[in-house]
1. Pick out which of B:381, B:368, B:354 has the largest mean-square fluctuation in a Gaussian network model of chain B, springs linking Cα atoms closer than 10 Å.
2. Over chain B, with a Gaussian network built from C-alpha contacts below 10 Å, which listed residue (B:49, B:119, B:382) shows the highest mean-square fluctuation?
3. Cα convex hull of the range A:89-186: mean projected area in nm², to one decimal?
4. Top mean-square fluctuation among A:131, A:112, A:233, Gaussian network model of chain A, C-alpha springs under 10 Å?
5. Classify the range B:1-144: rounded, prolate or oblate, from the alpha-carbon gyration tensor (a ≥ b ≥ c, eigenvalue square roots; a/c under 1.5 rounded; otherwise prolate if a/b is larger than b/c)?
6. How would you classify chain C from its alpha-carbon gyration tensor, with a ≥ b ≥ c the square roots of the eigenvalues: rounded for a/c under 1.5, else prolate if a/b is greater than b/c, otherwise oblate?
7. May I ask what percent, to the nearest 5, of DSSP beta bridges between residues of the protein assembly as shown are antiparallel?
8. Compute the distance from the alpha-carbon center of the range A:1-44 to that of the range B:1-25, in whole Å.
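Read-outs: derived from the displayed coordinates by stated rules, not from any lab. Quick caveat, the model's predicted, so the values are computed rather than measured. Note: ideal-geometry Cβ built from the backbone for every residue, glycine included; neighbour counts use all protein chains shown.
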């Protein structure tokens, strides 16, 4: 079995590839202008950041970078194509002959830059309406296309590939998982014929599409039937791939160099530390287990550097890793946020961990506190200062001991319940703002001393 | 100012402004240059009611510098040498209304020559669309170096070949307006970012300038045209220029190279016109291929369809290497050949057109390939993107003849210098046709 | 040249007369283009522009455009012809 992928990654840029329209999610047809609409007389102007990101991706995927590259016009007619041609790169992409290591090498045939078409909405489903609705917000958004050789042998390898690819894209700051999408054309051949499943969006659906298509082809071959060489469409609702109708009007892409655009030459880019190297380093420097190191590194560069900053100050990498990977990450995911979207700083996180270490807050309190703190935008002091100070606590303990001598006596006589009563009184006096364990200990110490 | 009368007789305008204010300088604008306040059709039924949402950069730069009269007639999309492909009435040569004014910037040349008041026409050239009508109508026609004038707002024919330029009776007026319109534009990545001279100061001695006369440019040229052009070259000689015979061996390949490249690019540029977003549309029933084909079938005239088909073919899989890619390589050779000449000469001089302005009946008899062949003297320099100036150099049988001067990239200064010298020593440019 | 096929690719509806006429005319044009076969262009770089235009980029800044008028607006979307 051979599987090959053509992956389309939407890049994280402020503006579109050839115009200044914003790329942020918006109501339909808000982010449009004459350029991305393809009005007569417009001139496309390439986005420097998109180009640099594309070069970084090619470099990070170990491609040979072409000295000179340029844009091409790929002609075809469709209602989602404002100019009825797409600006892409044909003869001269950005990089070729790269690879990604997923335990085995997946070869990368090419990496290039192109513009996204508009989005079509089919009221009543694809076969069910007499018109389409067009949203041009997406038209002109920069895409990097990554084409692999058919080196995948099963769906698990594809999953590992995407996990690795995603982490690389995050470290290059080329991709925003909350804003950008990944689309894929999948080529699967069990036998001799190659079937293409086009335009599957999102990793979940890519996996489903591959699984279904493998089953479908296996079944056909088992029954002695032929697998037709064709292009299929993946239906997200049913999880099936279906045959696309034979086309009556063909398209010949008729590639030409795009004379509106400059040649790109001699671009040099620097790439930051990539996840694989980072994982190695974390295992060495911090003694983390590879799994934990991977989990941190793959979460992205901001998450990883946050971890390192916290450890620099607080030490105890295992503890930091634990807290970040379980409770912090859980919170972030629940709130659909990335760490960089919050106002959390490593310094504050250190204070948080210290407060726990010094028993100013209990672990239970900490788990609740983090749920509120992360999305709130407030500083950690606001939550911690609510906790009682050492001095205030001792005073409260002394006052309670003075006022409730009978209970003290009862406790000394062995009545455990009396201590609980005293703890309750202390907590009431300070409005519950202390770690119960600590109150208990202080009471015990103070009573013992008397 | 008898604009309406001029227009009735010659069809110079597609859109004439209602109220025209008096001014020292008037402008007319070829109708493939976008104007926010006037419809812009590119000469085609496809855009018969199109109102651009922005001004072309050149329009922005001339607003306030003079009064804009209207949008001038043109072969639709720039597809033509005789003005006979305009969907809004055929423009006529003011020197003889039964003859062609040249194309595709037909109306521009008519207004520049026939409007008595001082005016400059904004025009455009892809393969010779400024030089040809300038030559046929007895005006100066300047095609600047590719990229010198921003193409933001120019409705594309072929993006590696399109250039906005100027026509006028007086070369000094062209120099003045050049100063307004040239220079980098942050909206056009192909626009020239370097420094530009003050074109009004480009005049003076032409003694010692080396003028190359390519022998290939005199083959297949009518005798009457040759005669007047040779007179012009003799004038340069008498003014002290050094005339030398040169050879442009690749001349016979320029036509094929030009048409293949231009039409390949044009066929992609016109794909956007399909009844959505702007332009002609129809009742939206049927599947998209049917709808697009129907709208495009009715919005494009015959010449447009012919060229789109040719251009689509030349870049199709299986033919692309033999036609499109080959033509681009031949273009490289042609550019190199010009550069080589300019390493030895300051200018090249030749006839602008091989013929005098033809009668409309004669044009009707021509096959497309014969019409295309009329561009043979202008396609070479247009492919190379070098600047060129057509200069009024005489009349034959009452019909204007143009002398074509060409210079190296960004050497418009030389064209102005020699053009001004000719202007000073001749009177052809002063003549205005009686209508 | 198969004019009908190319016209379909270019989404141009042609009449029968046009198909015939163009077949003949374009055959002549292509014959004239054959002159290029005489030239050997081995090792020659294609010329995309009259001179090199290189690395012209724009800074990544987001800026909105004022409202654009287009026909066939339906709610927030624009209506287009069906695709099947």
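1. The residue that fluctuates most here is B:368.
2. Maximum among the listed residues: B:49.
3. 8.5
4. Comparing A:131, A:112, A:233 in the GNM, the peak value goes to A:131.
5. rounded
6. Details: a/c = 3.83, a/b = 1.24, b/c = 3.08.
The shape class here is oblate.
7. So the antiparallel bridges in the protein assembly as shown amount to around 80 percent.
8. 43
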